[in-house]
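Notes follow the structure.
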């Protein structure tokens, strides 16, 4: 068994598409800006995630609410230069809610929300000095 991907179920697909593609700079696979599905990949690495229109999935499962309540996911993205990246995405419309700040002895992080309120953590790993 292997994990294929993690999807965020979103109500405003177009706003989330713009956020992950244009604001955070992830690469959309097909350019389906109006959904109901799009996979995003980082510039480096193989991990990626996807957006899925909540209403389209509700039709399939007939059990999902119109909107999620509370924090039910955390998208984690690793970046090389956290301060510079936070400055870049702020200029493109993101609002950093916390950080950049030290989280552990090896990691700094910043937190923001996408247009649906999903939490996004930006991580920068530090080299241990010995």
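The values are calculated or read from the model by the stated rules, or taken from the named source; none is laboratory data. Everything quoted here is computed from the prediction, not taken from an experiment. Backbone-built Cβ (ideal geometry, glycine too); neighbour counts: all protein chains shown.
A few remarks follow.
- Scanning segment 75-111 for residues that are modelled with pLDDT under 90 and within 11 Å of residue 24 (Cβ to Cβ) returns 75, 77.
- Selection from segment 17-52 of residues that are closer than 17 Å to residue 76 by Cα, part of a loop (DSSP other than H, G, I, E, B) and at pLDDT 90 or above: 24, 25, 26
- Selection within segment 109-124 - touching a residue at least 40 places away in the same chain (Cβ under 8 Å), farther than 10 Å from residue 74 by Cα and outside any loop (DSSP other than H, G, I, E, B): 122, 123, 124
- Residue that is farthest from residue 120 (Cα to Cα), among those in segment 19-31 that are surrounded by fewer than 17 Cβ atoms within 10 Å (Cβ to Cβ) and in contact (Cβ under 8 Å) with a residue 12 or more places away in the chain: 29
- In segment 1-16, the qualifying residues are those that are touching a strand residue (DSSP E or B) at 6+ places or on another chain (Cβ under 9 Å) and under 15 Å from residue 50 (Cβ atoms), and the one that is modelled with the lowest pLDDT is 5.
- Of all residues in segment 82-105, those satisfying the criterion of being surrounded by 11 or more Cβ atoms within 10 Å (Cβ to Cβ) and in a loop (DSSP other than H, G, I, E, B) are 92, 93, 94.
- Checked against (1) in contact with a helix residue (DSSP H, G or I) (Cβ under 6 Å, 6 or more places away or on another chain); (2) exposed (fewer than 15 other Cβ atoms within 10 Å of the Cβ); (3) modelled with pLDDT under 90, residue 65 passes all but condition (1).
- Considering the conditions (1) at pLDDT 75 or above; (2) part of a loop (DSSP other than H, G, I, E, B); (3) farther than 23 Å from residue 122 by Cα, residue 55 is excluded by exactly one of them, (2).
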